[in-house]
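Student: Next up is a structure, given as structure tokens.
The values are calculated or read from the model by the stated rules, or taken from the named source; none is laboratory data. Remember, it's a predicted structure, so these values are computed and weren't measured experimentally. Cβ atoms come from the backbone with ideal geometry, glycine included; neighbour counts cover every protein chain shown.
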Amino acid sequence: MKQKRFILQENELPTAWYNIQADMPTKPLPPIHPATKQPLGVDDLAHIFPRECCVQELDTEHDFIPIPDEVLEKYRFYRSTPLVRAYALEKALQTPAHIYFKNESVNPLGSHKINSALAQCYYAKQEGTTNVTTETGAGQWGAALAYAARVFDLEAAVYQVKISMQQKPYRSSIMRTFGAAVTGSPSMSTRAGKDIITRDPHHPGSLGTAISEAVELATTTPNCKYTLGSVLNHVGLHQTIIGLEAEKQMAMAGEYPDVVIACFGGGSNFGGLAFPFMRHNLKDGKHTEFIAAEPDSCPKLTRGQFRYDFGDEAGYTPLLPMFTLGHTFKPANIHAGGLRYHGAGMIISQLLKDGLMRGVDIPQLESFDAGMLFARTEGIIPAPESSHAIAATIREAEKCKQTGEEKVILFNLSGHGLIDMSAYDQYLNGDLVNHRVSDEDIQQTLNRVPE
Ligand SMILES: *Cc1c(COP(=O)(O)O)cnc(C)c1O
């Protein structure tokens, strides 16, 4: 029988993360201060984030950064994750392509986000922090942070977008089970929240309001640091554990990917899988293609502009160099909540600008069609986010069917969809629709990006 799953033993886990910044032909532009336009250094960022994360954020020198033993020990709770050959999906598609996926859904929280949550909480603990805060939309990041904070004995306060808290109540149950204090945002517990509620008592909340509240709590509470689940360089760095494992596992399978695909919110699961393989394009003359799959309702890679823009709706963060739709862009309320972000991370934005990867945009219905086929063939119900990667994979596999090429395609299954079943219900009832955004809407929010 042909081998289906490839698994590393605990003693075979990678012991360093890969920092692609060291190998990039063009380094990412620095984040800058909105008023002075001066580049920000470690000290500017370190009163909000754990200092070691800020060092990693701006490190363009070291290609490999050792994973602390304490983090590796926690990784062993659930890593390695399996690399799986999707024979059943291949058969259903009648494609000559070899399709593999890296299954990041097999951990206590069900998505890749835990890989960085553990690292960020470890560094926070190391520097004497007692409390961590964050914001969360659908709740994947908040749940990962709540778990990681528990594991490193930190108090976690999570601001969850109020409307998402009502739509996905089980995610706040998970956060609270691990001991986090969960507050719907906007709330009366911060000045920012009070201001918003005073202006609009029925504000449903957004990532913008929740970021403002979490950052305010971090800066006004002693020994408290703020953490972020995507977009930033150090988050992508921590996620490279995915691709470094996959590299070894593909070797076990005796193959090397021609195409690497992941869904795209801020870029952490894409970068996590792609960067270690991209290293071989940059250094060893490999020609792997890298495809980031975004929703057509939030298409910053395929239809955004490369500019300096704020990371949040309210404009509290530094200005970041990114492919953006404008920080005031309000994506449609699609079920892939983790992909509803207006900008791409700084590293990814530079790689895209330099033509080292490309984006594809996927309509919501196509993503669910793909997720259904995957569930019915491979037996795993994917997160609506991950289904975008599956849809992009199917497009590539169908091209192979046309051309007869036996391409090796590797995609990231960033999470499972077991807490998203109301979305599947809607799909099955025929109530889901597409939300492709118009050029006019994009232009309107791009016009509001600061010069
Ligand atoms: C958050 C999330 C994403 C998107 O975030 P990235 O930083 O782009 O990876 C994708 N899939 C799942 C399951 C998520 O929870």
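Student: So which residues in region 238-272 are away from the ligand (no atom under 13 Å from the Cβ), small (Gly, Ala, Ser) and not in a helix (DSSP H, G or I), if there are any at all?
Tutor: Those that are away from the ligand (no atom under 13 Å from the Cβ), small (Gly, Ala, Ser) and not in a helix (DSSP H, G or I): ALA253, GLY254.
Student: Residues that are under 23 Å from the mean Cα position of the chain (by Cα) and surrounded by fewer than 15 Cβ atoms within 10 Å (Cβ to Cβ): which helices (runs of 4 or more DSSP H) entirely in region 1-105 hold 3 or more of them?
Tutor: Filter on region 1-105 gives an empty set.
Student: Count, please, the residues in region 334-356 that happen to be in contact (Cβ under 8 Å) with a residue 24 or more places away in the chain, part of a loop (DSSP other than H, G, I, E, B) and away from the ligand (no atom under 13 Å from the Cβ).
Tutor: 2
Student: Among helices (runs of 4 or more DSSP H) lying entirely in region 134-178, which contain 3 or more residues that are within 16 Å of the ligand (Cβ to nearest atom) and in contact (Cβ under 8 Å) with a residue 60 or more places away in the chain?
Tutor: Because the criterion is at least 3 residues that are within 16 Å of the ligand (Cβ to nearest atom) and in contact (Cβ under 8 Å) with a residue 60 or more places away in the chain, the helices (runs of 4 or more DSSP H) in region 134-178 that meet it are 140-151, 169-177.
Student: Could we say that VAL235 is assigned to a helix (DSSP H, G or I) and either within 12 Å of the ligand (Cβ to nearest atom) or in contact with a Gly (Cβ under 7 Å, 6 or more places away or on another chain) (or both) here?
Tutor: Yes.
Student: Being in a strand (DSSP E or B) and in contact with a strand residue (DSSP E or B) (Cβ under 8 Å, 6 or more places away or on another chain) narrows it down to one residue among ARG307, ARG279; which is it?
Tutor: Of the residues listed, the single one that is in a strand (DSSP E or B) and in contact with a strand residue (DSSP E or B) (Cβ under 8 Å, 6 or more places away or on another chain) is ARG307.
Student: With the structure loaded, tell me whether GLY229 is in a loop (DSSP other than H, G, I, E, B), at pLDDT 95 or above, away from the ligand (no atom under 11 Å from the Cβ) and among the small types (Gly, Ala, Ser) or whether it fails that test.
Tutor: no
Student: So, one more: Just to check your reading of the model, which residue among SER367, SER386 is crowded, with 23+ Cβ neighbours inside 10 Å, hydroxyl-bearing (Ser, Thr, Tyr) and touching a strand residue (DSSP E or B) at 6+ places or on another chain (Cβ under 6 Å)?
Tutor: SER386
Student: Checking LEU418 against (1) part of a helix (DSSP H, G or I); (2) closer than 24 Å to THR136 by Cα; (3) among the aliphatic types (A, V, I, L, M), which single condition isn't satisfied?
Tutor: In the conditions (1) part of a helix (DSSP H, G or I); (2) closer than 24 Å to THR136 by Cα; (3) among the aliphatic types (A, V, I, L, M), LEU418 misses (1) alone.
Student: Can you pull out the residues in region 276-293 that are within 14 Å of the ligand (Cβ to nearest atom) and in contact with a Gly (Cβ under 6 Å, 6 or more places away or on another chain)?
Tutor: ALA292
Student: Does LEU319 meet the test of being of a type in the set (A, V, I, L, M, F, W, C) and within 19 Å of the chain's Cα centre (by Cα)?
Tutor: No.
Student: Among the candidates PRO66, PRO96, which residue alone is within 21 Å of SER268 (Cα to Cα) and in contact (Cβ under 8 Å) with a residue 12 or more places away in the chain?
Tutor: Being within 21 Å of SER268 (Cα to Cα) and in contact (Cβ under 8 Å) with a residue 12 or more places away in the chain holds for just one of PRO66, PRO96, which is PRO66.
Student: Do you know which residues across region 114-133 are in a loop (DSSP other than H, G, I, E, B) and out of contact with any Asp or Glu (no Cβ under 9 Å at 6 or more places or on another chain)?
Tutor: Scanning region 114-133 gives GLY128, THR129.
Student: Take the residues in region 403-415 that are surrounded by fewer than 21 Cβ atoms within 10 Å (Cβ to Cβ) and touching a residue at least 24 places away in the same chain (Cβ under 8 Å), then tell me which one is farthest from the ligand (Cβ to nearest atom).
Tutor: Restricting to residues being surrounded by fewer than 21 Cβ atoms within 10 Å (Cβ to Cβ) and touching a residue at least 24 places away in the same chain (Cβ under 8 Å), the top hit is GLY404.
Student: Something else now. Restricting to region 189-246, give me the number of residues that are over 30 Å from GLU12 (Cα atoms) and not aromatic (Phe, Trp, Tyr).
Tutor: 37
Student: Let me ask something additional. Quick one: VAL433 ticks every box in (1) modelled with pLDDT of 95 or more; (2) within 16 Å of the ligand (Cβ to nearest atom); (3) not aromatic (Phe, Trp, Tyr) except a single one, so which number is it?
Tutor: Status for VAL433: all satisfied but (2).
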